């Protein structure tokens, strides 16, 4: 039997009862035969990005964050859209990886689960492409009007959304095994 891969999950919402966090937990259960999912350090703990501190000795929180991403076989991002864009703490965390290249060639899945989400999804996808994340059309899903498709416990209540996420998990697992 092939060893389970490890996926680090980044939740773009810092809300404790976030539907995005619940969705990650649901996806971890759905994928438990394929890979294990661990959460990245809390984005609240990551300091504001500054090139002045992006040196050979960055803040401890950044060292831990980068190490977590480097150790993963893949990265799963599940995020809402805030004010038609990427949540600030998520973008800040990703900015800390530009010079150290943790996303470069790393299999990445992006799920934007929000009220609308199109602009935030597109913006984050552009960032991921610039930092060379290994992302495919099949490893990204936009779930608009998320509260009509996924309940607060993270249970997927709409069949087409469930199928889309199941397909994402299969393709994402294959991408990590290439």
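The values are calculated or read from the model by the stated rules, or taken from the named source; none is laboratory data. It should be emphasised that the depicted structure is a prediction, and the values quoted were computed from it without experimental measurement. Every residue, glycine as well, gets a Cβ built from its backbone with ideal geometry; the counts of neighbours run over all protein chains shown.
Take the conditions (1) surrounded by fewer than 13 Cβ atoms within 10 Å (Cβ to Cβ); (2) in contact with a helix residue (DSSP H, G or I) (Cβ under 7 Å, 6 or more places away or on another chain); residue 78 misses just one of them, which is (1). Return a yes/no flag: does region 81-103 have any residue that is under 20 Å from residue 163 (Cα atoms) and touching a helix residue (DSSP H, G or I) at 6+ places or on another chain (Cβ under 7 Å). There is no residue in region 81-103 that is under 20 Å from residue 163 (Cα atoms) and touching a helix residue (DSSP H, G or I) at 6+ places or on another chain (Cβ under 7 Å).
Has region 102-120 got at least one residue that is in a helix (DSSP H, G or I), surrounded by 21 or more Cβ atoms within 10 Å (Cβ to Cβ), touching a residue at least 24 places away in the same chain (Cβ under 8 Å) and over 14 Å from the mean Cα position of the chain (by Cα)? The answer is no; no qualifying residue exists. Inspect region 88-98 for any residue being in a strand (DSSP E or B) and modelled with pLDDT of 95 or more and give the result as yes or no. So far as region 88-98 goes, no, none of its residues is in a strand (DSSP E or B) and modelled with pLDDT of 95 or more.
For region 14-53, a residue qualifies if it is within 20 Å of residue 97 (Cβ to Cβ), out of contact with any strand residue (DSSP E or B) (no Cβ under 7 Å at 6 or more places or on another chain) and assigned to a loop (DSSP other than H, G, I, E, B), and the qualifying residues are 14, 41, 42, 46, 47, 48, 49, 50, 51, 52, 53.
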